[in-house]
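Undergrad: I'd like to ask some things about the structure below.
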Amino acid sequence: MNNYTKFRPKWFVPHCQCSLCADSVSLNQLLCGPCLEDMRRVQPGCAVCADALDGISGTEMVCGRCQQHRPSFDETYAAFVYQPPMTRLLWQFKFRARFDIGNFFCHQMVRDLVPKDRPDYLISVPMHTTAIKERGYNQSAYLANLLARELKRPVYHDVYERNTTKTPQHQLNLKHRKRNLQDAFILAKPRAGKHVAIVDDVITTGATMEVLAAPLKAFGVERISVWAVCRTYRE
Ligand SMILES: [Zn+2]
Ligand SMILES: [Zn+2]
């Protein structure tokens, strides 16, 4: 035994615990097998919003909501359903600076996205300056950077700016959020491209994605993909 090994302090020993249940896992593994199995994956559903399809009419794989009000975005991809234990994992990434969890999410997404055609560029969802100050980072931008690097495509974080005259969304109730969202973003530096992907952590109603996709479509972007770690099922 050399001196280095002999006097190796305890904190050199790698910390190998599942991020959800604290069971021991092997080095660099984020989750244990059972916790990984508990993460519900989004199954092929509505071609536009990725919500679960509950009986459709016609040949188009599009849910009733999207048939009634076709969104400005063309397709949605999400890896997981937003429900426990995913909600706890996402919270750690979002509010506890667990970037290893962000890397895990990216890895899961890239596995599904790589075989498909790649967009001309990616954009992230800008956060309100107040929220950035509180949190210190934008989880959407973090994911967009990783995905762009993996897919070898450019990423632009200045396509949209947050309208700073508006109250941060998380400080409002649902009714005021809807009204506030309408002009929460300013299309600041749009770039030419046929196909753009908007990256976010969670898709709930899709309202934010609509607000971001519509001006890009009006600008001339032909196809908009929405990519998220998870989405809620409106079941
Ligand atoms: Zn576990
Ligand atoms: Zn739909």
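Coordinate-derived values only; no laboratory data. In this text, all values refer to a predicted model and were calculated from it rather than measured experimentally. Virtual Cβ from ideal backbone geometry, glycine too; neighbours counted across all protein chains shown.
Undergrad: Of all residues in region 24-52, which are within 8 Å of ligand 2 (Cβ to nearest atom) and either surrounded by fewer than 19 Cβ atoms within 10 Å (Cβ to Cβ) or not in a loop (DSSP other than H, G, I, E, B) (or both)?
TA: Pass one, region 24-52, residues within 8 Å of ligand 2 (Cβ to nearest atom): 45-51.
Residue satisfying the conditions is ALA47 alone.
Undergrad: OK, next. Only residues in region 86-104 that are buried (at least 19 other Cβ atoms within 10 Å of the Cβ) count as the first member; pair them with residues that are of a type in the set (Ser, Thr, Tyr), Cβ under 6 angstrom, at least 6 apart or cross-chain, and list the lot.
TA: Final answer for the pair search is GLY102/TYR142.
Undergrad: Could you please find all residues in region 77-121 being among the charged types (D, E, K, R) and under 11 Å from the mean Cα position of the chain (by Cα)? So that I can check it myself, show each step before the final result.
TA: Of region 77-121, the ones among the charged types (D, E, K, R) are 88, 94, 96, 98, 100, 111-112, 116-118, 120.
Result: LYS94, single match.
Yes or no, residue by residue, for (1) touching a residue at least 40 places away in the same chain (Cβ under 8 Å); (2) buried (at least 16 other Cβ atoms within 10 Å of the Cβ); (3) closer than 22 Å to THR76 by Cβ:
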site: LYS133; (1), (2), (3): no, no, no
site: TYR142; (1), (2), (3): yes, yes, yes
site: ALA148; (1), (2), (3): no, yes, yes
site: ARG177; (1), (2), (3): no, yes, yes
site: VAL199; (1), (2), (3): yes, yes, yes
site: THR204; (1), (2), (3): yes, no, yes
site: ALA213; (1), (2), (3): yes, yes, yes
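Undergrad: Another question, if that's okay. What number of residues within region 53-87 satisfy the criterion of being assigned to a helix (DSSP H, G or I) and either more than 16 Å from ligand 1 (Cβ to nearest atom) or over 17 Å from ARG111 (Cβ atoms) (or both)? Before the answer, list the steps.
TA: Taking region 53-87 as the starting set, the residues that turn out to be assigned to a helix (DSSP H, G or I) are 64-68, 86-87.
Next cut, either more than 16 Å from ligand 1 (Cβ to nearest atom) or over 17 Å from ARG111 (Cβ atoms) (or both) only: 64-68, 87.
Counting residues in region 53-87 that are assigned to a helix (DSSP H, G or I) and either more than 16 Å from ligand 1 (Cβ to nearest atom) or over 17 Å from ARG111 (Cβ atoms) (or both) gives 6.
Undergrad: Based on this model, can you work out whether PHE73 counts as surrounded by 12 or more Cβ atoms within 10 Å (Cβ to Cβ) and away from ligand 2 (no atom under 16 Å from the Cβ)?
TA: Values: surrounded by 12 or more Cβ atoms within 10 Å (Cβ to Cβ): yes; away from ligand 2 (no atom under 16 Å from the Cβ): no.
It is false that PHE73 is surrounded by 12 or more Cβ atoms within 10 Å (Cβ to Cβ) and away from ligand 2 (no atom under 16 Å from the Cβ).
Undergrad: Going through TYR77, TYR156, TYR137, TYR121 one at a time, which residue ends up being farther than 22 Å from VAL196 by Cα and hydroxyl-bearing (Ser, Thr, Tyr)?
TA: Numbers: TYR77 fails: farther than 22 Å from VAL196 by Cα; TYR156 fails: farther than 22 Å from VAL196 by Cα; TYR121 fails: farther than 22 Å from VAL196 by Cα.
One residue alone meets the criteria, TYR137.
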